[in-house]
Amino acid sequence: QSLYQQLGEQQGIETIVEEMLYRVGGDERIAHHFDGVDIMRVHKLISEQVCDLSGGPCDYSGEDMKTSHRNMGVDNADFNALVEHLIAAMEKEDVPVSAQNQLLGVLAPMHGDIVEE
Ligand code: HEM
């Protein structure tokens, strides 16, 4: 089974990203970064990116990670907080731990482009 399939394909990925963003919005450590942001658009783009990276039939159409997070002042703790919410969302959707780790492994190299401090 491909990672895309283990994440529940398009529907599963959209649910996971929605759940993650919902938790991010309720986390006072990082919610302020999303003030004034079009969250539906970010939901669409992160879902598309995860679909693409996990081997699904999508082509990510957003900005690269360095451009889209520039001057945001995201630090290590912010990054870890978002990852924490992603893991919680995958747990909730019963994604197997090995698949969770595969997705985290694909996202980890983006750390350097997203974290600035
Ligand atoms: C693995 C970690 C992350 C991934 C995969 C990711 C992915 C993305 C993607 C795909 C977009 C849309 C790009 C575009 O606008 O074209 C985006 C935008 C955004 N991200 Fe992230 N992100 C990550 C971490 C973070 C963190 C830690 C924060 C802050 C706590 C953050 C805050 C934002 C904000 C505020 C936007 C909206 C920018 C705007 O529309 O002006 N991201 N992210």
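Global dimensions of the chain from alpha-carbon coordinates: Rg and Dmax equal 13.4, 39 Å. Note on the chain: helix-only mean residue ellipticity at 222 nm, from DSSP H runs of 4+ residues weighted -39500 (n - 2.57) and normalised by residue number, equals -18000 deg cm²/dmol.
Could you grab the relative contact order for the chain? Cα pairs under 8 Å, six or more apart, rounded to a whole percent. Computed over the chain, the figure is 37 percent.
Every number in this text was worked out from the coordinates using simple rules, so none of it is lab data. None of the values given here were measured: they were computed from a predicted structure.
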